[in-house]
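What follows is a set of notes on a single structure, which appears directly below.
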Amino acid sequence: MSSLRNFVGGAWVPPRGGGWMDVVEPATGAVYARVADSGGADVDEAVRAAGEAFAGWAATPAAERSRVMLRVAALIEDNLEALARAESVDSGKPVALARRVDIPRAAANFRFFATAILHTRSDLHDTDGAALNYTLRRPLGVVGCISPWNLPLYLFTWKIAPAIAAGNCVVGKPSEVTPVTASMLCDLCNEAGLPPGVLNVVHGAGAGAGKALVEHAGVRAISFTGGTATGRAIAATAGPAFKKVSLELGGKNANVVFADADVEEAAREACRAAFTNQGQVCLCGSRVFVQRGVYDAFVDRLVAHARALRVGDPLDEQTEQGALVSRAHFEKVRDAVERAKKDGARALCGGAPADAPNARCAQGVFYPPTVLADAPASCEAMQEEIFGPVVTVTPFDTEEEALALANGVRYGLAAMVWTSDLNRAHRVAARLEAGIVWVNCWMVRDLRTPFGGMKESGVGREGGDEALRFFTEMKNVCLRMGGE
Ligand code: NAD
């Protein structure tokens, strides 16, 4: 059984306290590795290694930082199969999904920021001929990157790539539930020639390693993706220490389908938006609102698409719905559906745990795509993130009613609108309280656009220039121009 140690100063080191946690394959329930259960001393060691590497890395020309990062991207691509398989075993997601989305996007994150730093620009302001004002941007130093389990390598690289590109040194804390591909990435970084200490990884639980990283006085910024409650705790710790904080949190995303939409296409994409990665994507459309004239036709199609999804062994190439990420999460999803039924919801499909797809997966945790109708707008299933393969469907009559329903939650991460009326698309997109609105599509991403949530879905924006700005600090220089 492999032991995932911490990656500090370019070398693998065991946790100082000697603690380990099991790594479980959710599709089978088998413990197949153990991971360091780190604490404050391990974080301290990693922050020190990062601090020692900082001056050298910050002074490395952008072109050289770019070259090293492009080599990391190429190595991720060269190791696509191994990484996809590891991610599938670790998280329960279909291997085909990991191969098609997670791993290529991890490489794309490195490529994007490796080339972005070759094209930065800065402004100079001529103050009426009396002075020149310009702004310098400098890396912060040691920064902390904390990521969740749902898109393990993709979201980890989404943080560390801009941080490293901007000249910082990173202490990363991947999710303890899915630690494997972050460890594989460390080996690839060594192979690519990333100097020791530029990327350090400390494994462990949120309450141990994660909390210690947020509290560490040597860490200048925290980039966090995870649940809203965790984000609130991180903000409460980082705020008084004046650390920069970027928080990408939970969502309860609305998908609004108007009667003038292409109903077949909207239903097909609503199914994808609801159930991709077993509904464990922060951007999943978990509440669908459908204009009454097409409600029945839409729901029939959505249910047919949901039923057709193949629940199976994540390592089977044909599988479209794998295992949920852990037994604890499976129980949370199952219990949330039971409470929704008590609140009046009706399962049109799914609604109870799925049978194991084969003998290998007899002890796995599988839940089928579930469509719930008649859930009251104020009930828990309509208000709180379930983060599983569960979607609600609700009819509406007017645009105002749709907006009130869509915006009637504390979250504001993403939203979708389906309509063939261009004016309505713009009007509704402008009024939806969400950090990103997709019109007649879902999950189309351009890495140049700022990404993040409104309301309790987050603070700050990641992606593109915003991410590079986040990982730098600014200094304005005002130079008086000579005169008589
Ligand atoms: P989580 O908040 O439980 O954990 C996320 C990470 O934070 C893990 O690495 C965990 O160990 C760490 N952590 C936990 N407590 C901590 C603490 N007190 N201090 C520091 N670190 C701590 O989230 P999760 O269950 O891993 O992920 C699911 C959540 O992530 C969902 O709510 C989902 O919506 C959200 N998410 C958001 C986005 C986004 O971009 N907005 C993307 C993906 C997932």
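Here are some residues: GLY285, GLY312. Which one is among the small types (Gly, Ala, Ser) and closer than 30 Å to GLY435 by Cα?
That would be GLY285, the only listed residue that is among the small types (Gly, Ala, Ser) and closer than 30 Å to GLY435 by Cα.
Just the residues that are within 21 Å of SER91 (Cα to Cα), part of a loop (DSSP other than H, G, I, E, B) and modelled with pLDDT of 95 or more, please, taken from the stretch 1-37.
Correct list: ARG5, PRO26, ALA27, THR28, GLY29, ASP37.
Please give the number of the condition GLU269 fails out of (1) in contact with a strand residue (DSSP E or B) (Cβ under 6 Å, 6 or more places away or on another chain); (2) of a type in the set (D, E, K, R); (3) open to solvent by less than 40 Å² (accessible area, probe 1.4 Å).
Tallying (1) in contact with a strand residue (DSSP E or B) (Cβ under 6 Å, 6 or more places away or on another chain); (2) of a type in the set (D, E, K, R); (3) open to solvent by less than 40 Å² (accessible area, probe 1.4 Å), GLU269 fails exactly one: (1).
How do the pairs read when you match residues in the stretch 156-168 that are on the phi < 0 side of the Ramachandran plot with residues anywhere that are among the basic types (Lys, Arg) and surrounded by fewer than 24 Cβ atoms within 10 Å (Cβ to Cβ), using Cβ under 7 Å and keeping only pairs 6 or more apart or on different chains?
Filtered contacts from the stretch 156-168: ALA165/ARG65.
When you look at VAL391, is it buried (at least 21 other Cβ atoms within 10 Å of the Cβ) and not in a helix (DSSP H, G or I), yes or no?
yes
Please verify whether LEU479 is within 16 Å of the ligand (Cβ to nearest atom) and open to solvent by 30 Å² or more (accessible area, probe 1.4 Å), treating the condition exactly as stated.
No; evaluated as a whole, the condition is false for this residue.
Can you work out which of the residues in the stretch 334-348 that are under 28 Å from the mean Cα position of the chain (by Cα) and of a type outside the set (Asp, Glu) is surrounded by the fewest Cβ atoms within 10 Å (Cβ to Cβ)?
Here the residue is ARG339.
Here is a check on your reading of the model: is ALA415 touching a residue at least 24 places away in the same chain (Cβ under 8 Å), under 23 Å from CYS284 (Cβ atoms), assigned to a helix (DSSP H, G or I) and within 16 Å of the ligand (Cβ to nearest atom)?
no
Looking only at helices (runs of 4 or more DSSP H) that fall completely inside the stretch 151-260, which ones have 3 or more residues that are near the ligand (Cβ under 7 Å from one of its atoms)?
Fully inside the stretch 151-260 and qualifying: 211-215, 228-238.
For the stretch 443-484, enumerate the residues that are modelled with pLDDT of 90 or more, of a type in the set (Gly, Ala, Ser), touching an Asp or Glu at 6+ places or on another chain (Cβ under 9 Å) and not in a loop (DSSP other than H, G, I, E, B).
GLY458
Inside the stretch 391-412, can you point out the residues that are in contact with a Phe, Trp or Tyr (Cβ under 8 Å, 6 or more places away or on another chain) and within 16 Å of the ligand (Cβ to nearest atom)?
The one that is in contact with a Phe, Trp or Tyr (Cβ under 8 Å, 6 or more places away or on another chain) and within 16 Å of the ligand (Cβ to nearest atom): VAL391.
Can you name every residue in the stretch 274-333 that is of a type in the set (Gly, Ala, Ser), buried (at least 23 other Cβ atoms within 10 Å of the Cβ) and not in a loop (DSSP other than H, G, I, E, B)?
Those that are of a type in the set (Gly, Ala, Ser), buried (at least 23 other Cβ atoms within 10 Å of the Cβ) and not in a loop (DSSP other than H, G, I, E, B): ALA274, GLY279, GLY285, SER286, ALA306.
Of (1) under 18 Å from the mean Cα position of the chain (by Cα); (2) part of a loop (DSSP other than H, G, I, E, B), CYS145 satisfies all except one. Which?
Unmet for CYS145, out of (1) under 18 Å from the mean Cα position of the chain (by Cα); (2) part of a loop (DSSP other than H, G, I, E, B): (2).
The values are calculated or read from the model by the stated rules, or taken from the named source; none is laboratory data. Quick caveat, the model's predicted, so the values are computed rather than measured. Here Cβ is always computed from backbone atoms with ideal geometry, including for glycine, and neighbour counts include all displayed protein chains. Heavy atoms of the whole protein, side chains included, go into the accessibility calculation; ligands, DNA and RNA do not. Shrake-Rupley method; radii C 1.70, N 1.55, O 1.52, S 1.80 Å.
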